[in-house]
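Asker: Supplied in structure tokens, the structure appears directly below.
The values are calculated or read from the model by the stated rules, or taken from the named source; none is laboratory data. The structure displayed is predicted, hence computed values, not measured ones. For neighbour counting, all protein chains shown are included, and Cβ atoms are generated from backbone atoms with ideal geometry for every residue, glycine included. Keep in mind that these areas ignore ligands, DNA and RNA; they rest on the heavy atoms of the full protein, side chains included. Shrake-Rupley method; radii C 1.70, N 1.55, O 1.52, S 1.80 Å.
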Amino acid sequence: MNLSRVIEPEKMVFGGKCLGKIDSKNVFVPFAIPGEKLEIEITKSFRDYDEGKIVKILEASPKRVLPPCPLYQKCGGCNMMHIEAQFQTELKKGILAELMERAGVKIPQIQTVQGSPLGYRSRFQLNDGGMEGRGSNDIVPIQNCPVAVPKINEWFKSVPMEERPRGRGNLFGNEKAEPELSITMERESGRDLKAYKKMSASEKKKRGKKYIRPRFEGISQEEQCPVCIELCGKKIFFDAQGFFQSNIEVLEKTIPLLTQGISGKNVLDLYSGAGTFSVFLADSFENVVMVERNRGSMVFAEQNMAGKKHESYGISGAEFAKKHASSFVEREGNFSAAIVDPPRSGIEKEALDWLCKSGIPVVKYLSCNPSTQARDIQRLQEAGYKIEDIRLLDFYPQTSHLETLITCILN
């Protein structure tokens, strides 16, 4: 039996847990707030740290609030809903500053881009019509979600769990979109998928692609996959089965920060996705170069950039750096600016090496993982870049998820 211990967490760390010490050993506690006095139970013990759960709140933080969702801590979505909204942002800024400092990156004061703390989320990943439970494979039925936009909650309310699609899928809804609601399925039933994962390689081969719906050029054959949404006065097409930002309000505030204040002949949109930013960059540059390895996304990027001067490379950033970057610069001249929006793993080594030597005067780096971003920015600083501006983009209130935009200027 685990004995209860008392802890006073000192700070929140990347991932949303709070860190404190018991007998000089680090202990991570979820759903805590720095400065509280808590009675906890150690749930996991490792050589260098322990993990615990709250048994009783002895002294609550004045920033602790009653979560507006009855499924909080059961659903695997939000993990900061017990914290006052503005203080959530302050905690995230502290986490971001520590990550940058640890990487040796000097930053100016962090500014924030925020939207509504509730009713903002347009995109959900569903499993058998519900959400996966926290730390489990249980399916949590959702009838109303406080962070969802009204169009999503209308669907939750009107479609009973037993009538919702089985398996794993994406749900996108927004009044600015056409269609206003899209449901696309990626895989068969989650339970069947578990069995599939346990099969041998030969058994999987016999099953073929039963668990993946057929796609061509990244677009599902389902008619509801293509979606058109109006952003900052422009229409953007994308694949509802792929990735698109969930918080449209904050996205519309971010686009001007990414695209305004820069202009010239050539601009690079590295990891361009469906070309959302390229559409706006085309207003200020003679030529937009898009690099995106997901050719399904590139299909939509071509549609979005129709009639605008651009070049497209349906390859990875690493391949572009190794095989095409130098020849493009020799042919067209250097880039006046670069927008970089990589996956969570950060900029590929070859692409980062090239960027550091490129001489591009302005690099704007949008990231969904500030840990890898800090690593990459440290390299850019070594190459002579200075951080002019850093912003915390609060795309996901009520969660510990961090997105950041850093503008680097070559000294």
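Asker: Most mobile of Val340, Val362, Val55 per a Gaussian network model of the chain (Cα springs, under 10 Å)?
Answerer: Answer for the Gaussian network model of the chain: Val55.
Asker: Between His324 and Val159, what is the label-to-label distance in nm when each label sits 7 Å out along the Cα-to-Cβ direction?
Answerer: Taking the two extended label points, one gets 3.7 nm.
Asker: With each pseudo-label sitting 7 Å past Cα toward Cβ, what's the Gln260-Lys56 distance in nm, one decimal?
Answerer: Taking the two extended label points, one gets 5.5 nm.
Asker: Let me ask you something else. Of the lysine pairs in segment 262-411, how many meet both conditions: Cα atoms under 13 Å apart, and a spacing of 8 or more in sequence or different chains?
Answerer: So the count of such lysine pairs works out to 5.
Asker: Under 20 Å from a point 7 Å along the Cα-to-Cβ line of Arg102: which residues of segment 51-71 have their amide N that close?
Answerer: Of the residues in segment 51-71, 51-52 have backbone N under 20 Å from the label point off Arg102.
Asker: For Gln111, project a label point 7 Å along Cα to C-beta. Then give me every residue of segment 244-259 with its amide nitrogen under 17 Å of that point.
Answerer: 250-259
Asker: Counting heavy atoms of the protein chains only and a 1.4 Å probe, report the per residue accessible area for the chain as a whole number of Å².
Answerer: Values: 19500 Å² over 411 residues.
So the chain comes to 47 Å² accessible per residue, rounded to a whole number.
Asker: OK, next. Mind checking Rg over Rh on segment 337-411, alpha carbons, Kirkwood formula for Rh?
Answerer: Taking Rg over the Kirkwood Rh, I get 0.97.
Asker: Can you list the HN-Hα couplings for segment 39-45, worked out from phi with the Karplus curve (6.51, -1.76, 1.60; θ = phi - 60°), rounded to whole Hz and with x for Gly and Pro?
Answerer: The phi angles translate into 9, 10, 10, 6, 9, 9, 10 Hz.
Asker: Using only alpha carbons, build the gyration tensor for segment 249-337 and give me the equivalent ellipsoid semi-axes, biggest first, whole Å.
Answerer: Square roots of five times the eigenvalues give 20, 16, 11 Å.
Asker: Test of understanding: in a Gaussian network model of the chain with alpha carbons linked when under 10 Å, which of Ile347, Ile107, Ile183 would top the mean-square fluctuation ranking?
Answerer: Maximum among the listed residues: Ile107.
Asker: Let me ask another. Can you give me the long-range amide H partners of Asp389? Hydrogens built in the peptide plane at 1.01 Å from N, cutoff under 5 Å, separation of 5 or more residues or another chain.
Answerer: Correct list: Thr407.
Asker: If you stretched the chain out fully between Leu118 and Phe243, how much longer would it get, using 0.36 nm times the residue separation minus the C-alpha to C-alpha distance? Present the calculation step by step, with values, prior to reporting the outcome.
Answerer: Values: separation 125, 0.36 × 125 = 45.00 nm, distance 2.11 nm.
Length difference between fully extended and current span is 42.9 nm.
Asker: Can you list residues from other chains, or at least 5 along the same chain, whose modelled amide H is less than 5 Å from the amide H of Val55?
Answerer: The answer is Glu39, Ile40, Glu41.
Asker: Right, next: Using amide H atoms built in the peptide plane, which far-off residues or other-chain residues are under 5 Å from His310 H to H?
Answerer: Those lying under 5 Å, H to H, from His310 are Val288.
Asker: I would also like to ask the following. I'd like the antiparallel share, as a percent to the nearest 5, of DSSP beta bridges with both residues in the chain.
Answerer: 70 percent
Asker: Moving on. Stick to Cα atoms and the Kirkwood definition of Rh, then tell me Rg/Rh for segment 1-67.
Answerer: 0.94
Asker: Go through segment 74-89 residue by residue and turn each phi into a ³J(HN,Hα) via Karplus (6.51, -1.76, 1.60, θ = phi - 60°); whole Hz please, and just put x for glycine and proline.
Answerer: Calculated HN-Hα couplings, in order: 8, 6, x, x, 6, 9, 10, 5, 7, 10, 3, 4, 5, 6, 3, 5 Hz.
Asker: What is the Cα coordinate range of segment 84-156 on the first, second and third principal axes, sorted by size from largest, in whole angstrom?
Answerer: That works out to 45, 27, 20 Å along the principal axes.
Asker: Could you grab the relative contact order for the chain? Cα pairs under 8 Å, six or more apart, rounded to a whole percent. Display every interim value, and only then the final one.
Answerer: Numbers: 852 pairs, mean separation 56.4, N = 411.
14 percent.
Asker: Take the cross-link list Lys11/Lys63; Lys11/Lys56; Lys37/Lys106; Lys21/Lys92 and give me the ones stretching past 24 Å between alpha-carbons.
Answerer: Lys37/Lys106
Asker: For Arg344 and Gln378, what is the calculated FRET efficiency with R₀ set at 25 Å and r taken between the beta-carbons, to the nearest 0.05?
Answerer: Values: r = 17 Å, r/R0 = 0.69.
In this case the efficiency is close to 0.90.
Asker: Can you run phi through the Karplus equation (6.51, -1.76, 1.60; θ = phi - 60°) for segment 356-371 and list ³J(HN,Hα) in whole Hz, with x for Gly and Pro?
Answerer: Here the 3J(HN,Hα) series is 4, 9, 6, x, 5, x, 10, 10, 10, 10, 9, 9, 9, 9, x, 5 Hz.
Asker: Shifting gears a bit: Could you check the simple spin-label distance between Gln303 and Glu178, using points 7 Å along Cα→Cβ, in nm with one decimal?
Answerer: Between Gln303 and Glu178, the simple spin-label model gives 1.2 nm.
Asker: Continuing with this model, one more query. Per the 1.4 Å probe, what fraction of the accessible area of the chain, in percent, lies on carbon and sulfur atoms?
Answerer: Working: 9510 of 19500 Å².
About 49 percent, which is the carbon plus sulfur part of the accessible surface.
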